[in-house]
């Protein structure tokens, strides 16, 4: 097991500190060029041939390492260098963009999602090269700067540069241990459609006394939203479920074998869970609808007796394979019109397709065997055909035609996207050891 005082680990901490100090928040278009330049320098230092592609606002970093002894195997490492906004800053216990190292944790924005993952993988590669003087196979890197805003320009980049991406396996951006401390290996993610609903009811905000006879935008919006699902969470749009791809027997078997998270305990939920076939089944195989935020009228301190003229809400559908975001948006728009809500403005914000597979592939078998050896046996490994989250897996698979697996340095309380995002040093070291051992077995 690699130790914390190993010079390679100490070097990696310094690199991670520099990486986290770059506030590469894609939603704010911050530090994108500087971060791409940092990654170029870092990858060139390990001997990679690096291209920084600048066709669109956020640079795309592509790099390749070839061994002296030619190899027929190619691993593509996908990561993203952008991070979520740091707000609310007041909830952080330290500067979000300063790597805080405690006796057991690495804390900072991007530590778990996914700057820590990239640096740990690079460190494992350095360790392998230090031992052997060469690389185990062809290694490619793809680092984008817009994953947190639905990879806005990645489709255009890949359409133009897809010939660079040929690979036998894609190692996805990040991953974590679950609540039972099992190392999780996942083979997919859900898609997403994010949209906005806007209701307008008057030219100006009115004195609330007129509510005796005047309807308002907030009530109208709430009625429209309420029409979209029933109390069990079932989405009421006709045709919404028609294209849902059912799981294979292998995929369903993997989900049934997985430990069931106690969500009530984990988040101290005050409402009962929605009706589900099983918690894991719905998290993996079922589409969802969610209200991200609602806004209308007076939201400041005290009272303002007003009947608001405008109300807006941002919502999302999490989608599963075969559900097309654009088709779902068309169904949504038509449904609202049919329900008498043609006055509600429906704005498409972003969409990504889903990707899922059964994790049956020789290289993945090797990865799983290595994980079992490094993490304490088969009962310490979780295999899932998909995660509940979203990313551009379907897009990457479209252009590489290679299987994709996600695993990484996080744990169940890493707090991705939240204040005080962190990883445990022990998990970071374990992953370096694991990935190094996987490289040894290629």
Please indicate, with yes or no, whether at least one residue in the range 371-384 is loosely packed, with under 15 Cβ neighbours inside 10 Å and not assigned by TED's automatic domain parsing to the domain that holds residue 410. no
So is residue 367 on the phi > 0 side of the Ramachandran plot, touching a residue at least 24 places away in the same chain (Cβ under 8 Å) and buried (at least 18 other Cβ atoms within 10 Å of the Cβ) or not? no
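Name the one entry in 112, 150, 167 that is closer than 17 Å to residue 23 by Cβ and under 23 Å from the mean Cα position of the chain (by Cα).
Criteria check complete, one pass: 112.
Okay, residues lined up against (1) in a strand (DSSP E or B); (2) more than 19 Å from residue 146 (Cβ to Cβ); (3) in contact with a strand residue (DSSP E or B) (Cβ under 7 Å, 6 or more places away or on another chain):
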{"position": "383", "(1), (2), (3)": "yes, yes, yes"}
{"position": "389", "(1), (2), (3)": "yes, no, yes"}
{"position": "395", "(1), (2), (3)": "no, no, no"}
{"position": "399", "(1), (2), (3)": "no, no, no"}
{"position": "405", "(1), (2), (3)": "yes, yes, yes"}
{"position": "414", "(1), (2), (3)": "no, yes, yes"}
{"position": "418", "(1), (2), (3)": "no, yes, no"}
{"position": "423", "(1), (2), (3)": "yes, yes, yes"}
Filter the range 195-205 down to the residues that are surrounded by fewer than 17 Cβ atoms within 10 Å (Cβ to Cβ) and farther than 30 Å from residue 351 by Cβ and list them by number. 202, 203, 204
Could you tell me which of the residues 300, 351 is surrounded by 19 or more Cβ atoms within 10 Å (Cβ to Cβ), over 15 Å from residue 224 (Cβ atoms) and modelled with pLDDT under 95? 351
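Please indicate, with yes or no, whether at least one residue in the range 263-278 is surrounded by 18 or more Cβ atoms within 10 Å (Cβ to Cβ), touching a helix residue (DSSP H, G or I) at 6+ places or on another chain (Cβ under 7 Å) and not in a helix (DSSP H, G or I).
no
Would you be able to say whether some residue in the range 281-288 is more than 20 Å from residue 185 (Cβ to Cβ) and over 23 Å from the mean Cα position of the chain (by Cα)?
Residues of the range 281-288 that are more than 20 Å from residue 185 (Cβ to Cβ), as a first pass: 282, 286-288.
Restricting the remaining residues to those that are over 23 Å from the mean Cα position of the chain (by Cα) gives none.
No.
Quick one: would you say residue 291 is outside any helix (DSSP H, G or I) and crowded, with 17+ Cβ neighbours inside 10 Å? Full working, then the answer.
On the way: outside any helix (DSSP H, G or I): yes; crowded, with 17+ Cβ neighbours inside 10 Å: no.
No.
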Positions within the range 76-102 being without any contact (Cβ under 8 Å) to a residue 40 or more places away in the chain, out of contact with any strand residue (DSSP E or B) (no Cβ under 8 Å at 6 or more places or on another chain) and under 30 Å from residue 125 (Cβ atoms), in sequence order: 95, 102
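The values are calculated or read from the model by the stated rules, or taken from the named source; none is laboratory data. In this text, all values refer to a predicted model and were calculated from it rather than measured experimentally. Note that we place each Cβ from the backbone using ideal geometry, even for glycine, and neighbour counts take in every protein chain shown.
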